[in-house]
Structure formats: structure tokens, C-alpha cells
Amino acid sequence: MFLPEIYPITDTRITNLSHAEQVKRLINGGAETIQLREKYAAPKDFFADAQEALKIARKNNVKIIINDRVDIAIALGADGVHLGQDDLPPEQARKILGEKAIIGFSTHNLKQVIEGIKLPVDYLAIGPIFATKTKENPENIVGIETLKKVREGIGSFPLVAIGGITSENFREVLAAGAGSVALINDLLSEANKITQKMIKFSAK
């Protein structure tokens with residue numbers, strides 16, 4: 001599975017922008033795969049926003065992954081889902097979404113990683129690598145050294161690092177073994193600069 005080095009995740013609370021508008025700005029900055037993450041909106045509202053975001057993405061040949069919500073992903077015909085430890089099990093998501101869907105799975109320690117690679121998923125996410133502000137109750141910090149151990153333990157399996165990753169540290173994270181870095185706060189915190197920041201990340 002192809003994972004771009006820069007994997008942006010939308011957040012309406014950080015940006016005060018719709019998912020569709022964030023997707024437009026991220027694509028203008030060169031994004032190739034975007035995850036839509038919505039923890040607060042009503043499902044009906046998220047569906048409508050995500051539907052608009054998907055239309056924009058389709059016109060630009062960009063993949064859209066839906067965080068948590070398998071129901072919304074299948075209703076939209078999105079490219080896949082990203083699941084957490086407490087979400088629908090990946091085995092069930094695979095049955096619902098089919099073989100072509102991209103399924104990502106969050107892990108927070110080496111034990112979860114070793115269990116995760118046995119699941120019918122296309123990539124694992126590991127984090128938080130550093131302290132993060134985007135979760136109300138974040139897991140324990142993983143750190144660079146554990147990231148290196150994870151890479152050693154899973155060989156070439158696709159791996160996304162997430163949590164506290166910034167323009168200052170993302171190269172270190174990639175060098176430690178992540179194939180891709182998920183970006184939220186550092187990329188989205190100035191909504192009027194999302195496109196410029198995405199361009200900068202992609203160029204580094």
C-alpha cells in the first residue's frame with residue numbers, strides 16, 4: 001500500500017473550517033491521502049461535510065480515509081477507515097468494506113503492534129510519539145526509541161507515526177523508522193496558512 005510521507009488529519013475545532021474546506025487547502029498544498037477525523041459533530045452533519053470533502057478529493061485523485069466511522073465510510077464510498085483500539089474490530093470492518101478498502105489501525109505500544117500486524121489491516125499507526133494536544137486523554141508517550149523497536153519488530157509493514165509531530169521533528173521521526181507521519185496541530189493551527197504549511201512539509 002502506498003502511504004505518502006505526509007499524512008494530514010482534519011480537525012474542525014482547531015481550524016474552525018469544514019472538513020471540505022480543509023481538504024481543499026490541503027490538496028492545494030500537495031496532500032495525496034487525507035484522514036477526516038470528527039469526534040463531536042452529529043453523524044448527519046459529518047456525513048454531509050465528508051461527502052463534500054470526498055467530491056473535492058475525487059476531482060484531484062486524492063484518497064480520503066474516515067476516522068472511526070465504518071458506517072460513514074461505506075455510505076460515502078470513501079477509500080477506507082482508520083480504527084482505534086476501541087472501535088469496530090478490523091476483521092469486521094474488512095468484512096463490511098471489502099478487500100480493496102484501506103484499513104489503518106492505531107497502536108500505542110509494542111505489544112499492540114505485534115498483535116496489530118496479524119490483523120487484516122493495511123497500515124499501523126503508532127503514537128503518541130511526542131506529547132500531543134489533540135486528544136483529551138492521550139496515551140503514554142511512545143518516544144523515538146520505541147518507534148525504532150517497532151520498526152525492527154515489523155520489518156517493512158507500513159507504519160504511520162502520530163502525536164506531537166511538527167516541522168521541527170518530523171524528519172527525525174521518519175529517520176527512526178516511520179514510513180509516514182500524521183500531522184494535525186502543527187499543520188492546521190493557523191487555518192490561513194494550511195496550504196503554505198503543507199507545501200513546506202512536502203518540500204522538506
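The values are calculated or read from the model by the stated rules, or taken from the named source; none is laboratory data. Just so it is clear, the model here is predicted, and its values are computed rather than measured. FYI the Cβ positions are ideal-geometry reconstructions off the backbone, even for glycines, and counts take in every protein chain you see.
Values for this structure:
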{"item": "Subset of region 56-92 [touching a residue at least 24 places away in the same chain (Cβ under 8 Å) and part of a helix (DSSP H, G or I)]", "result": "Ile56, Ala57, Val70, Asp71, Ile72, Ala73, Ala75, Leu76, Pro90, Glu91"}
{"item": "In region 5-26, the residues that are in contact with a Phe, Trp or Tyr (Cβ under 9 Å, 6 or more places away or on another chain) and either part of a helix (DSSP H, G or I) or crowded, with 19+ Cβ neighbours inside 10 Å (or both)", "result": "Ile6, Pro8, Thr12, Arg13, His19"}
{"item": "Some residue of region 27-44 being buried (at least 20 other Cβ atoms within 10 Å of the Cβ), of a type in the set (D, E, K, R), under 17 Å from Ile184 (Cβ atoms) and over 15 Å from the mean Cα position of the chain (by Cα)", "result": "no"}
{"item": "Hits in region 164-191 - residues which are within 14 Å of Asp11 (Cα to Cα) and not hydrophobic (A, V, I, L, M, F, W, C)", "result": "Asn185, Asp186, Ser189, Glu190"}
{"item": "Tally of residues being of a type in the set (A, V, I, L, M) and under 17 Å from Leu26 (Cα atoms) across region 56-73", "result": "6"}
{"item": "Residue satisfying all of: in region 68-89; out of contact with any Gly (no Cβ under 8 Å at 6 or more places or on another chain) and within 15 Å of Tyr123 (Cα to Cα); surrounded by the most Cβ atoms within 10 Å (Cβ to Cβ) among these", "result": "Asp79"}
{"item": "Filtered residues of region 170-204 (kept if among the hydroxyl-bearing types (Ser, Thr, Tyr) and over 23 Å from Asp122 (Cβ atoms))", "result": "Ser189, Thr195"}
{"item": "Matching residues in region 1-31 - criterion: being among the β-branched types (Val, Ile, Thr) and within 19 Å of Leu174 (Cα to Cα)", "result": "Ile6, Ile9"}
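This table checks each residue for (1) of a type in the set (S, T, N, Q); (2) closer than 22 Å to Gln35 by Cα; (3) at pLDDT 95 or above.
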position	(1), (2), (3)
Lys118	no, no, yes
Ile126	no, yes, yes
Lys133	no, yes, no
Lys148	no, no, yes
Arg151	no, no, yes
Glu172	no, no, yes
